1. Would you mind working out the accessible area per residue for segment 96-174, using a 1.4 Å probe, and quoting it in Å²?
2. Normalized C-alpha radius of gyration of segment 82-203, against 2.2 N^0.38 Å?
3. Explain nothing, just compute: Karplus ³J(HN,Hα) = 6.51 cos²θ - 1.76 cosθ + 1.60, θ = phi - 60°, for every residue of segment 184-189 in order, whole Hz, x for Gly and Pro.
4. Could you check how much of the accessible area of segment 71-112 is carbon and sulfur, as a whole percent, using a 1.4 Å probe?
5. Going by a ≥ b ≥ c, the root eigenvalues of the Cα gyration tensor, does segment 75-140 fall in the rounded group (a/c under 1.5), the prolate group (a/b larger than b/c) or the oblate group?
Amino acid sequence: MVRPGRFLMFFAAALTAAVVTLAPASRALAGDPALPKELVGVDIEERPGADLPADVKLRDQEGRDVTLGSYLDGEHPVILVLAYYECPMLCTLVVNGLMQGMKGLDWTAGKEYRVVVVSFDPRDTPEMARKKRDVYVGAYGRPVGERGWEFLVGEEAQVRRLADAVGFRYRWEEATQQYAHAAGAFVFTPEGKLSRTLYGLNFASNDLKLSLLEASQGKLATAWGRVLLFCFHYDSGENKYVLATRRLMKAGGAFTVLGLGGMLLGFWRRERRRASKSADGALA
């Protein structure tokens, strides 16, 4: 039989261990190495919470005048990609990677979220945008509603405003007659706030799902979706969502405390019943 005093000592020791385990840990930050001169000024600067410039004027794949604000309806999160349509490699890889990630989602572009691809080459035309859209929507293999997945073009000054707003830096290389630019995608809330910047060429379906859950501010989140958001966070160093170990440790610590509390309550009730039986026996 475990004595109440010993049990309380065990409970206190376990609780202390949980608190120590959950204490914040410090980590060293390593400096980034110097960039080659070819990459200076070509990157993506993290700008969480930046506003999508809604008044930027562009043209869609049908040649119609549109503004970025027309894609914000307060209901659908928006994935933005900056890519020019005659890029020999990188832009194609980015849009391909996005499409592959989209294919793995239960949600469909145009229904639960929107995708907007904007060319930063002022020479690109609505006809070129339409051809790109036809290729990608066809490969996507799902019906895309109006404004579900758009390919846009615009004047240099207008697109530059958009790029500056989201921290996308690029430049024209005269020697190669190509643009030097970074690779990534930007996920906006339905109201046009930059929620998450995703880096690289490949966008795993799980990363897209979690970023859209974040951006939707709970509108797309089921009960299981909320659990996923609790368990994962985006690591820009890894370019993906990773397990939020500190959150899980806190949750584990909380469950440990609750479990120990339940054990203590059960022990106390058993002791009460035994004491009551002993008292009844003594009276008899």
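The values are calculated or read from the model by the stated rules, or taken from the named source; none is laboratory data. On a predicted model such as this, the values are computed, not experimentally measured, just so you know. For accessibility, only protein heavy atoms count, side chains too; no ligands or nucleic acids. Shrake-Rupley method; radii C 1.70, N 1.55, O 1.52, S 1.80 Å.
1. On the way: 3460 Å² over 79 residues.
Ligands and nucleic acids excluded, the figure is 44 Å² per residue.
2. Details: Rg = 14.1 Å, N = 122, 2.2 N^0.38 = 13.7 Å.
After normalising by residue count via 2.2 N^0.38 Å, the value is 1.03.
3. x, 9, 10, 10, 10, 5
4. On the way: 800 of 1610 Å².
For segment 71-112, the apolar C and S fraction of the accessible surface comes to 49 percent.
5. Values: a/c = 1.90, a/b = 1.62, b/c = 1.17.
It is prolate, given that a/c is not under 1.5 and a/b is the larger ratio.
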